[in-house]
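Written out below as structure tokens is the structure these notes cover.
The values are calculated or read from the model by the stated rules, or taken from the named source; none is laboratory data. Please read all numbers here as calculations on a predicted model, not as lab measurements. All Cβ positions, glycine included, derive from the backbone under ideal geometry; neighbour counts span all protein chains shown. When the accessible area is computed, the model is the full protein with side chains, heavy atoms only, and any ligands, DNA or RNA have been set aside. Shrake-Rupley method; radii C 1.70, N 1.55, O 1.52, S 1.80 Å.
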Number of protein chains: 4
Amino acid sequence: MLAKQWAIDDVGPTNLMVREAAVEEATGNKVLVRAEAVSLNYRDKLVLETGMGLPLQFPFVPGSDLAGVVEAVGPGVTRFKPGDRVITTFHPGRINGPGLGDARHPPYKTLGGYYPGVICQYVTFCEDWFVHAPKTLDAVEASTLPCAGLTAWFALVELGRLKAGDKVLIQGTGGVALFGLQLAKVHGAEVIITSANAEKLERARALGADHAIGRENWAERVLELTQDYGADHIFEIAAGANFGQSLKAVAVNGRISVIGVMDGFELSAPMQSLLLKSPTVQGLSVGHRRALEDLVRAVDRTSLKPVIDKRYSFDELPQALQHLDRGPFGKIVIGF
Amino acid sequence: MLAKQWAIDDVGPTNLMVREAAVEEATGNKVLVRAEAVSLNYRDKLVLETGMGLPLQFPFVPGSDLAGVVEAVGPGVTRFKPGDRVITTFHPGRINGPGLGDARHPPYKTLGGYYPGVICQYVTFCEDWFVHAPKTLDAVEASTLPCAGLTAWFALVELGRLKAGDKVLIQGTGGVALFGLQLAKVHGAEVIITSANAEKLERARALGADHAIGRENWAERVLELTQDYGADHIFEIAAGANFGQSLKAVAVNGRISVIGVMDGFELSAPMQSLLLKSPTVQGLSVGHRRALEDLVRAVDRTSLKPVIDKRYSFDELPQALQHLDRGPFGKIVIGF
Amino acid sequence: MLAKQWAIDDVGPTNLMVREAAVEEATGNKVLVRAEAVSLNYRDKLVLETGMGLPLQFPFVPGSDLAGVVEAVGPGVTRFKPGDRVITTFHPGRINGPGLGDARHPPYKTLGGYYPGVICQYVTFCEDWFVHAPKTLDAVEASTLPCAGLTAWFALVELGRLKAGDKVLIQGTGGVALFGLQLAKVHGAEVIITSANAEKLERARALGADHAIGRENWAERVLELTQDYGADHIFEIAAGANFGQSLKAVAVNGRISVIGVMDGFELSAPMQSLLLKSPTVQGLSVGHRRALEDLVRAVDRTSLKPVIDKRYSFDELPQALQHLDRGPFGKIVIGF
Amino acid sequence: MLAKQWAIDDVGPTNLMVREAAVEEATGNKVLVRAEAVSLNYRDKLVLETGMGLPLQFPFVPGSDLAGVVEAVGPGVTRFKPGDRVITTFHPGRINGPGLGDARHPPYKTLGGYYPGVICQYVTFCEDWFVHAPKTLDAVEASTLPCAGLTAWFALVELGRLKAGDKVLIQGTGGVALFGLQLAKVHGAEVIITSANAEKLERARALGADHAIGRENWAERVLELTQDYGADHIFEIAAGANFGQSLKAVAVNGRISVIGVMDGFELSAPMQSLLLKSPTVQGLSVGHRRALEDLVRAVDRTSLKPVIDKRYSFDELPQALQHLDRGPFGKIVIGF
């Protein structure tokens, strides 16, 4: 069987094309999945345009976050059967515990990177690389969990042990940020969200943000809104000098989850707050499969609906990638 | 009763003088303690010379880490009796849990700072400010626990949950560093220590360091010594650009305890390792009283002996402070 | 000033009387509080009737959970001012960390026990014994937090790290049980509640319980309702042989919080499930002040309203105590 | 190739025989290992004699804890190469996190039980079922880690977060008990060990036990030895009514790891200590592969040597099993 996929033959922004490739059969412990949706991350764009230093195999298919239906299973498969609705895991083989790598070779073996990507009509992967999709989400929604959803869950819940009454500061209104907002509300927390865009602030308020503030001098506003208590949890999306604002706003013994690099690949921190307030600064790189299963269970229980800014068709991948540059409100998804 | 104390009338390096002051009686829940030793920290020098922005009361007595003997107790005292050997707590009133402060006013109410210091023949404080001294240490040794000892314990044990087989990287051979080395060995860990001074490296080896290496390009050496695994725990003493080396050397999901500011008051971090290796970067500001009691218990059980570089007499405080500038191997203590 | 209080002159069910006693002034670090409500616990009845082996001082005033208003403060008080609304802490002086006691003398120094109780018009205690009341609760509601509310919070949140999607099994519909139900829902969990009373099951459903089942063979029902997954958290209220049901129903690596002794003062456990499913069985004795402050914050954020079965007037204490015997749905409170 | 193995054709004590069976080749992700030693557990005896309700496949080979050398690897194997020294994992496939099972079907898929055993000259298993053996142990010593060593490590270190100065109470001098003693000493803890046998107490003292006491009224002795503090960690090996002694001896907020069933398959607990001292009672069922790798690393770092009571040859399995009945001091191992 042949199936369509988006691929590049070389790194660079203009090389994307649709091609056909043979679909691998589901042998051994492999599962053949028909794609229904793929959620995009800004990282996908970086890989396509720069390769990010990864050992890509050409033709290279991008994309990591797929939702689909199991079409066939190999004889050794025990966790799935045909007809099951599934989603991929961002780091194949990271079942639980630390990422797979070491100090010299940091873990970064992801789909649509070290491993092939998923913007294909069909994929055939080891069953370990999938989890069951939530029952309460359609495929477009479900496809947003493996990277953006799990990153927010891992920061706030798995590592951050968020509890009702905690104060959470979310920077921006991208995919991870809005999952952070929604998960914080589901756990009874208080949420402050920042954005430079007044309309996005309004939409964040409608999603449940308790406070929505501008990006100008935001740390001072957080201190005012919390009567100097500060924020228990901060999603650091910008990095760069913005990190100094995060250190100003963080509560004593609070937690700063470093997730994004919007303002640059260096972090700069005045030491005084880091020492005296003793926050935990936690680098984040998505999370493991067990936590993704926890997230799926939480989504089904709480009826949380991921925020999709816009859905594109398979043929519209180039337009979808351009949308990423404009800073979506939530997620951009390719529906098949 | 009058007692001698070292004090300044104004901030500045040359104002130190010995004066006599009335000794407060032990009323209510207060305890009168005759000092036997005071351990110095580099911070004492900074407070004397710059005030560190603190609301000092003049005449101001420096020093935070005292060991002594209870001479008298107020009628409300329940934890101590005359004759008990005690040490001070660095942050008076921080019994357990977070430091006392908020996001705008970071916790920094210490002895010899916001509160008066302890380089006096007698001090009279609330009983809550003391813990029992270890039975196996003399006063000079015991005086090193409240700040340097507890900082290392809090980083490695209370927060770091150090276990046998862990790999610990210690920067330098100062007071906190050598406690880190000794506590790591007591828990069965592997220790790599860095110093620019060959003789100090030799002394560190004699104290149990498994590897003692130079400061030049130390992160690469750590990777080699650990077959690329990296270090589970890092004591970041230098800060500044050195932090980039720590991020290079840290193991996947390892922990960097940020303790000192030897190289400057800014921290600069390349983001890639912070994201991909997902270490925990933990600011440290000593610790709480319950953990100090745990440390005392551990010292008595394991016969750990703090490393005293040199002991000075009460009259030699100026010389002792000068010694701090030269970078002692372990602690400098004033014995009374 | 004289104030009315309920007291006994000797242990026994029939000795309760209203008497007048002098109100202590607020000196030192003490706070004078005018009572507005006292919440009752079954323990209050046991103390009155049996003394529970405690060294009671007669006339003995019962009760531990008070909400009131600060009337005056001593000169050393820093955390409260007149007019502040406050609630008591169940274990005076337990600020954070373990209870105050040792292996031979288990911690049980509570108000209305080792310490005097609070069914008085005025109480004068050390400021450490109070926390600020939630802004969103009236005094009758707020008085239910120090014992019942904190026990449920400590089990599920402080120790249990409850998260959205977790499955929580609550036994019964008493005060702790209904707090457990409400706190679990506030954190996005799934709740199964058991009761032998069909009407109470109906009311529990109205409060948000996802499943409400009878007490007959309840563990089997939990397995069915969870497709054999079991319960992540169990509130063990009955003890005795019922504990075997809890071990049958608990999920792999789940948590059983042992809270009550409805069915007897012995716990009996078949070992196989305890070994193979490796649950954590956690004895509970309310909690510490820092956690109570966390609960207050959570209540204010989430608008959780404690369930009051019936409110009695100060004069109706005997009737209120009789109501405890009948098994209230939620809490019984004396409003002043 | 044919290899010798011990097996039974039916459950019962007298059916053990040596037989020859074909050795499976190392295909796919499988590894062929030549056995050098198998460590025995009392459980092996129970499986042979009663089947323990497990779905055994006959001829059934007993034994779970093997040390050996990799002879050949399948083409998909990435973690091992021929010549590597390896040990088995007790629960195949439990990489990290909870055991594999659910509330109705508790996890108990072990080697020499649900899966075939290892008292064979050669075994061929999936590479996931092995870890690298410690460099500092010979095969006989290394074979004791997968069950006894890991159980003690999991209780004290992985779950118990043992630290220097903690007080550890070990019941008995069997395999798990002596690992507990040694691991506690490696972490700087204080160890009290109980035994009814004076000679074993003497040997335990020689291994580093700080206190070695009789089994008569042991809890009272623990209180005396700790000045009423109690024990932070208790290894509950006997269960039954002995558990009441453990509750008496446990420190406030201490931990009781329930490991064995020497005195019966029921646990009986007076509730008062369980409530007031609020210990954590933790059922244990060995542990996961990641923790076994941690243990291996700790053994190599600290030069801990497992205690082997007696080594038997392959042909002496019946005698070795009889030795188990007599209560060995440490482990019984079959050396090939």
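Give the residue that is farthest from A:Val286 (Cα to Cα), with candidates limited to residues of the stretch A:226-237 that are within 11 Å of chain B (Cβ to nearest Cβ) and of a type in the set (A, V, I, L, M, F, W, C). Give the derivation first.
Of all residues in the stretch A:226-237, those within 11 Å of chain B (Cβ to nearest Cβ) come to A:226-232, A:234, A:236.
Right, trim to of a type in the set (A, V, I, L, M, F, W, C) and you get A:231, A:234.
Numbers: A:Ala231: 22, A:Ile234: 16 Å.
So the residue we want is A:Ala231.
Looking at the stretch B:244-251, can you tell me whether even one residue there is within 24 Å of B:Cys147 (Cβ to Cβ), in a strand (DSSP E or B), within 12 Å of chain A (Cβ to nearest Cβ) and not basic (Lys, Arg)? Steps first, please.
Pass one, the stretch B:244-251, residues within 24 Å of B:Cys147 (Cβ to Cβ): B:246.
Next, from what is left, pick out any that are in a strand (DSSP E or B): none.
No; the residues of the stretch B:244-251 include none that is within 24 Å of B:Cys147 (Cβ to Cβ), in a strand (DSSP E or B), within 12 Å of chain A (Cβ to nearest Cβ) and not basic (Lys, Arg).
For the stretch C:99-111, the set of residues classified as touching a Ser or Thr at 6+ places or on another chain (Cβ under 9 Å) and within 14 Å of D:Leu275 (Cβ to Cβ) consists of C:Gly99, C:Pro106, C:Pro107, C:Tyr108, C:Thr110, listed by residue number. Considering the stretch B:127-152, the residues that are more than 26 Å from B:Pro318 (Cα to Cα) and either of a type outside the set (D, E, K, R) or crowded, with 24+ Cβ neighbours inside 10 Å (or both) include one that is farthest from the other protein chains (Cβ to nearest Cβ), namely B:Phe130. Of the residues contained in the stretch C:226-242, none is found to be in contact (Cβ under 8 Å) with a residue 12 or more places away in the chain, polar (S, T, N, Q) and on the phi > 0 side of the Ramachandran plot.
Taking into account only those residues within the stretch C:244-266 that are farther than 18 Å from C:Leu162 by Cβ and in contact with a Pro (Cβ under 9 Å, 6 or more places away or on another chain), which is least open to solvent (accessible area, probe 1.4 Å)? Once the filter is applied, the top-ranked residue is C:Leu247. Scanning the stretch A:284-297 for residues that are under 16 Å from the mean Cα position of the chain (by Cα) and modelled with pLDDT of 95 or more turns up A:Val286, A:Gly287, A:His288, A:Arg289, A:Arg290, A:Ala291, A:Leu292, A:Glu293, A:Asp294, A:Leu295, A:Val296.
Out of curiosity, is D:Glu216 among the charged types (D, E, K, R) and away from chain C (no Cβ under 14 Å)?
Details: among the charged types (D, E, K, R): yes; away from chain C (no Cβ under 14 Å): yes.
Taking the combined requirement at face value, the residue satisfies it.
Scoring B:Arg301 on the criteria (1) open to solvent by 20 Å² or more (accessible area, probe 1.4 Å); (2) of a type in the set (Lys, Arg); (3) touching a residue at least 60 places away in the same chain (Cβ under 8 Å); (4) in contact with a Gly (Cβ under 6 Å, 6 or more places away or on another chain) leaves a single failure, condition (3).
Evaluate the following for C:Ser303: is it within 14 Å of chain A (Cβ to nearest Cβ) and modelled with pLDDT under 95? If you could, list the steps in order and put the result at the bottom.
On the way: within 14 Å of chain A (Cβ to nearest Cβ): yes; modelled with pLDDT under 95: yes.
Yes; evaluated as a whole, the condition is true for this residue.
Within the stretch C:157-177, residues that are away from chain A (no Cβ under 11 Å) reach partners that are of a type in the set (Phe, Trp, Tyr) and buried (at least 24 other Cβ atoms within 10 Å of the Cβ) with beta carbons closer than 6 Å, at six or more positions or on different chains, in the pairs C:Ile170/C:Phe235; C:Gln171/C:Phe235.
Checked across the stretch C:89-107, the condition of being at pLDDT 95 or above, hydroxyl-bearing (Ser, Thr, Tyr) and under 19 Å from B:Ile95 (Cβ atoms) holds for at least one residue.
Yes/no per residue for (1) outside any loop (DSSP other than H, G, I, E, B); (2) crowded, with 21+ Cβ neighbours inside 10 Å; (3) of a type outside the set (Asp, Glu):
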| residue | (1), (2), (3) |
| --- | --- |
| D:Gly51 | yes, no, yes |
| D:Glu71 | yes, no, no |
| D:Ile95 | no, no, yes |
| D:Gly113 | no, yes, yes |
| D:Phe125 | yes, yes, yes |
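Residues of the stretch D:171-211 that are part of a loop (DSSP other than H, G, I, E, B) and buried (at least 24 other Cβ atoms within 10 Å of the Cβ): D:Gly172, D:Thr173, D:His187, D:Gly188, D:Ala189, D:Ser195, D:Ala209. Exactly one condition in (1) out of contact with any Leu (no Cβ under 8 Å at 6 or more places or on another chain); (2) outside any loop (DSSP other than H, G, I, E, B) is not met by C:Pro146; state its number. All conditions are met except number (1). Are any of the residues in the stretch B:195-213 among the hydrophobic types (A, V, I, L, M, F, W, C), away from chain A (no Cβ under 14 Å), over 21 Å from B:Asp325 (Cα atoms) and touching a residue at least 40 places away in the same chain (Cβ under 8 Å)? Yes - at least one qualifying residue is present in the stretch B:195-213. Of the residues A:Val47, A:Val31, the single one that is assigned to a strand (DSSP E or B) and either open to solvent by less than 50 Å² (accessible area, probe 1.4 Å) or under 21 Å from A:Arg85 (Cα atoms) (or both) is A:Val31.
Among the residues in the stretch A:308-317, are any in the same structural domain as A:Thr14 (by the TED database) and at pLDDT below 95?
Of all residues in the stretch A:308-317, those in the same structural domain as A:Thr14 (by the TED database) come to A:308-317.
Pick out the ones that are also at pLDDT below 95 and you get none.
Among the residues of the stretch A:308-317, not one is in the same structural domain as A:Thr14 (by the TED database) and at pLDDT below 95, which makes the answer no.
Filtered by the rule that a residue be over 18 Å from D:Ala219 (Cα atoms) and among the charged types (D, E, K, R), the stretch D:185-209 gives D:Lys185, D:Glu199, D:Lys200, D:Glu202, D:Arg203, D:Arg205.
Tell me which residues, restricted to the stretch B:9-26, are within 16 Å of B:Phe314 (Cβ to Cβ) and assigned to a strand (DSSP E or B).
Taking the stretch B:9-26 and keeping what is within 16 Å of B:Phe314 (Cβ to Cβ), we get B:16-21, B:23.
Those that are within 16 Å of B:Phe314 (Cβ to Cβ) and assigned to a strand (DSSP E or B): B:Met17, B:Val18, B:Arg19, B:Glu20, B:Ala21.
The residues of the stretch B:215-239 that are closer than 16 Å to B:Ala269 by Cα and open to solvent by less than 10 Å² (accessible area, probe 1.4 Å), listed by number, are B:Ala219, B:Ile234, B:Phe235, B:Glu236, B:Ala238, B:Ala239.
Of all residues in the stretch D:278-296, count the ones that are farther than 30 Å from C:Ser268 by Cα and either touching a Phe, Trp or Tyr at 6+ places or on another chain (Cβ under 9 Å) or open to solvent by 50 Å² or more (accessible area, probe 1.4 Å) (or both).
From the stretch D:278-296, those farther than 30 Å from C:Ser268 by Cα are D:289-296; that's our starting set.
Okay, now just the ones that are also either touching a Phe, Trp or Tyr at 6+ places or on another chain (Cβ under 9 Å) or open to solvent by 50 Å² or more (accessible area, probe 1.4 Å) (or both), so D:289-295.
Adding up the residues that qualify gives 7.
Might you check whether a residue that is under 14 Å from D:Gln272 (Cα atoms) and in contact (Cβ under 8 Å) with a residue 40 or more places away in the chain occurs anywhere in the stretch C:260-275? Yes, the stretch C:260-275 contains a residue that is under 14 Å from D:Gln272 (Cα atoms) and in contact (Cβ under 8 Å) with a residue 40 or more places away in the chain.
For the structure I just gave you, tell me whether C:Val191 is touching a His at 6+ places or on another chain (Cβ under 8 Å) and among the β-branched types (Val, Ile, Thr). Answer is yes for this residue. Per the conditions (1) without any contact (Cβ under 8 Å) to a residue 40 or more places away in the chain; (2) within 15 Å of the chain's Cα centre (by Cα), the sole criterion not satisfied by B:Pro146 is (1).
For the stretch B:281-307, residues that are of a type in the set (Ser, Thr, Tyr) and either in a loop (DSSP other than H, G, I, E, B) or assigned by the TED database to the domain that holds B:Phe235 (or both) total 2.
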